[in-house]
1. Given the structure, is ASP97 at pLDDT below 80 and either in the same structural domain as LEU138 (by TED's automatic domain parsing) or not β-branched (Val, Ile, Thr) (or both)?
2. Which pairs do you get when a residue that is farther than 13 Å from GLU100 by Cα and aromatic (Phe, Trp, Tyr), found in region 145-163, comes within reach of a residue that is surrounded by 10 or more Cβ atoms within 10 Å (Cβ to Cβ) and at pLDDT 90 or above, reach meaning Cβ atoms under 7 angstrom, with the pair 6+ apart or on two chains?
3. With the requirement that a residue be β-branched (Val, Ile, Thr) and under 21 Å from MET126 (Cα atoms), what does region 10-41 give you?
4. Among the residues of region 119-134, write down those that are surrounded by fewer than 23 Cβ atoms within 10 Å (Cβ to Cβ) and under 20 Å from LYS98 (Cβ atoms).
5. Looking for whichever is in the same structural domain as ILE153 (by TED's automatic domain parsing) and modelled with pLDDT under 50 here; the options are THR73, THR89. Which one fits?
6. Give the residue, chosen from SER34, SER48, SER59, SER67, that is at pLDDT below 80, surrounded by fewer than 17 Cβ atoms within 10 Å (Cβ to Cβ) and touching a strand residue (DSSP E or B) at 6+ places or on another chain (Cβ under 8 Å).
Amino acid sequence: MENQFYTIDKIAEILGLHHKTIRKFITEGKLAASKVGKQWRISGHDLSIFMEKNNVNISDEKISEESNIDFVTNGEVKDNIKQKVNVSTVVDINDVDKEEYFRISNTLIALMNCKDSKIGKSTINMKYDEKVNRLRVLLWGNISFIEEMLSSISMLVEQTKGE
């Protein structure tokens with residue numbers, strides 16, 4: 001991912017945001033980007049850094065048609081421990097109703113709150129699109145964190161199928 005470069009539109013699609021929001025992040029210096037000709041390019045590394053710097057943003061308001069849950073670990077793990085490999089991934093879970101969305105998101109947030117040393121400075125961002133009943137989960141962190149979260153997501157989705 002470090003050597004990959006993305007367009008503003010691709011980052012907007014990955015994060016489920018409007019391209020103008022991504023441009024605003026670049027203008028404000030929140031997302032590093034390089035200009036190639038007349039277009040901006042964002043490296044996979046810069047995207048990872050941007051995702052790592054997200055703050056906790058859980059709204060207590062009613063869930064609207066599109067809702068976001070952003071969660072970042074609190075950084076209690078020592079900052080001087082630097083992981084050699086970090087991974088980011090996007091998981092789309094389709095055919096998710098609101099009840100299942102709440103169950104999956106609450107479980108994943110509970111896993112993030114366990115303060116396991118594997119988590120480190122890992123992040124999870126969730127976006128639910130009620131119009132198409134899709135939950136998009138963005139994960140960033142070390143390999144063991146990603147492995148554990150993907151396993152948990154798989155278990156949660158399989159659990160729903162069995163019901």
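1. On the way: at pLDDT below 80: no; either in the same structural domain as LEU138 (by TED's automatic domain parsing) or not β-branched (Val, Ile, Thr) (or both): yes.
It is false that ASP97 is at pLDDT below 80 and either in the same structural domain as LEU138 (by TED's automatic domain parsing) or not β-branched (Val, Ile, Thr) (or both).
2. none
3. Of region 10-41, the ones β-branched (Val, Ile, Thr) are 11, 14, 21-22, 26-27, 36.
Correct list: ILE11, ILE14, THR21, ILE22.
4. ASN125, LYS127, ASP129, GLU130, LYS131, VAL132, ASN133, ARG134
5. On the way: THR89 fails: modelled with pLDDT under 50.
None of the other options fit; the residue is THR73.
6. On the way: SER34 fails: at pLDDT below 80; SER48 fails: surrounded by fewer than 17 Cβ atoms within 10 Å (Cβ to Cβ); SER67 fails: surrounded by fewer than 17 Cβ atoms within 10 Å (Cβ to Cβ).
Exactly one of SER34, SER48, SER59, SER67 is at pLDDT below 80, surrounded by fewer than 17 Cβ atoms within 10 Å (Cβ to Cβ) and touching a strand residue (DSSP E or B) at 6+ places or on another chain (Cβ under 8 Å), namely SER59.
The values are calculated or read from the model by the stated rules, or taken from the named source; none is laboratory data. This one's a predicted model, so the numbers in the text were calculated from it and none came from an experiment. Glycine also receives a Cβ, built like all others from the backbone with ideal geometry; neighbour counts cover every protein chain displayed.
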